């Protein structure tokens, strides 16, 4: 299926440099790898709208794309900086031009803000590593985004902010104790944006790299007793990534196929492709 897809990498230039220096994979690259599992022949354009020197498509230029996919970001959604506002404007343009979107983390916040909702610093604190016990709402259990998904599941995550209020007409699909809005369908100008707060594009190796990158903050928050404990966690994640049969590590860390199995982890992406893209 030769689809033209626009991947919108939400990180600014400094954020991307920080990720690369820490050994993390750039967000746009992660998304390209993930979508290519389902659409190997897709033509991909990666855009960095936070960069002031990067031209943004608009109007008829957006019609060249069958869909947009939004990554995470290290920016803060409720800070009305040019880097944020450029992305909100792009989301509104995509809504207006009828280009459907899918995305994770930052994407859910962008979609909500662009359509009239609000976001905040999560009062429950940072959610990092594994988002536990994400539970589908009644509407989530019947929605095609969650076809074949368990009604309660875990997902990879890394965020400080969350959606405070969904825009009018949005459909709340999932949540957990830390982050009440873990997934929603946002629609504006008749155009759907399917988004989740967790990260189906991550794997164990990526969470290990992010843990190493954000270790000082995680230790200071008490999530690890000290840096040695955090480093042991990183080593175990990397070991399990390279040796999936290490049930002892998976058991000790409380990990199952929700996050260790790529097919299960990316069901939402498969379902979006089948429900939205294969109909266009």
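Every number in this text was worked out from the coordinates using simple rules, so none of it is lab data. Source: prediction; values computed, not measured. Cβ sites come from the backbone with ideal geometry, for glycine too, and all protein chains shown count toward neighbours.
Would you mind pulling out the separation of the Cα centroids of the range 196-241 and the range 64-79, in Å?
One Cα centre to the other: 23 Å.
Hey, rough spin-label estimate for residue 20 and residue 177, points 7 angstrom out along Cα→Cβ, what's it come to in nanometres?
4.1 nm
Enter the angle in degrees (range 0 to 90, nearest 10) between the Cα long axis of helix 82-97 and the first principal axis of the Cα atoms of the chain, meaning the one along which they spread out most.
For helix 82-97, the angle is close to 50 degrees.
For residue 44 and residue 229, calculate 0.36 nm times their separation in residues minus their Cα-Cα distance, and state this gained length in nm to one decimal. Let's see the in-between values first.
Working: separation 185, 0.36 × 185 = 66.60 nm, distance 3.98 nm.
Gain in length upon complete extension: 62.6 nm.
Can you tell me the FRET efficiency between residue 64 and residue 29 if r is taken as the Cβ-Cβ distance and R0 is 25 Å, rounded to the nearest 0.05?
It comes to 0.70.
Rounded, prolate or oblate: pick one for the range 1-49, where a ≥ b ≥ c are the square roots of the eigenvalues of its C-alpha gyration tensor, a/c under 1.5 means rounded, and failing that, prolate if a/b is larger than b/c, else oblate.
Because a/c hits 1.5 or more and a/b fails to exceed b/c, the range 1-49 counts as oblate.
Based solely on its DSSP helices, what 222 nm [θ] is calculated for the chain when runs of n ≥ 4 H residues each add -39,500 (n - 2.57) and the sum is averaged over all residues, nearest 500 deg cm²/dmol?
Taken over the chain, the calculation gives -10500 deg cm²/dmol.
Quantify how much of the Cα-Cα distance distribution of the range 204-258 extends past 12 Å, in percent.
Numbers: 931 of 1485 pairs.
Result: 63 percent of Cα pairs exceed 12 Å.
Modelled label-to-label distance, residue 80 and residue 248, 7 Å Cα→beta-carbon offset: nm?
Inter-label distance under the simple model: 5.7 nm.
Kindly put 279, 149, 36 in sequence by how many other C-beta atoms sit within 10 Å of each C-beta, fewest to most.
Arranged by neighbour count, lowest to highest, 279, 149, 36 become 279, 36, 149.
Say we join alpha carbon atoms closer than 10 Å with springs in a Gaussian network model of the chain; which of 54, 32, 127 then has the biggest fluctuation?
Comparing 54, 32, 127 in a Gaussian network model of the chain, the most mobile one is 54.
Sort 222-229, 23-30, 195-202 by the packing proxy (mean of other Cβ within 10 Å over each peptide's residues), most packed first.
Packing order, densest peptide first, comes out as 195-202, 23-30, 222-229.
At a Förster distance of 35 Å, what's the computed FRET efficiency of residue 139 paired with residue 37, Cβ-Cβ distance as r, to 0.05?
0.80
Which residues does the label zone of residue 148 cover in the range 241-274, counting backbone N under 13 Å from a point 7 Å along Cα→Cβ?
Zone members listed by number: 262-274.
Relative to the longest principal axis of the chain, what angle (0 to 90°, nearest 10) does the C-alpha long axis of helix 227-242 take?
Orientation of helix 227-242: about 70 degrees from the principal axis.
Between residue 92 and residue 2, what's the calculated FRET efficiency when r is the beta-carbon distance and R0 is 45 Å? Round to 0.05.
0.95
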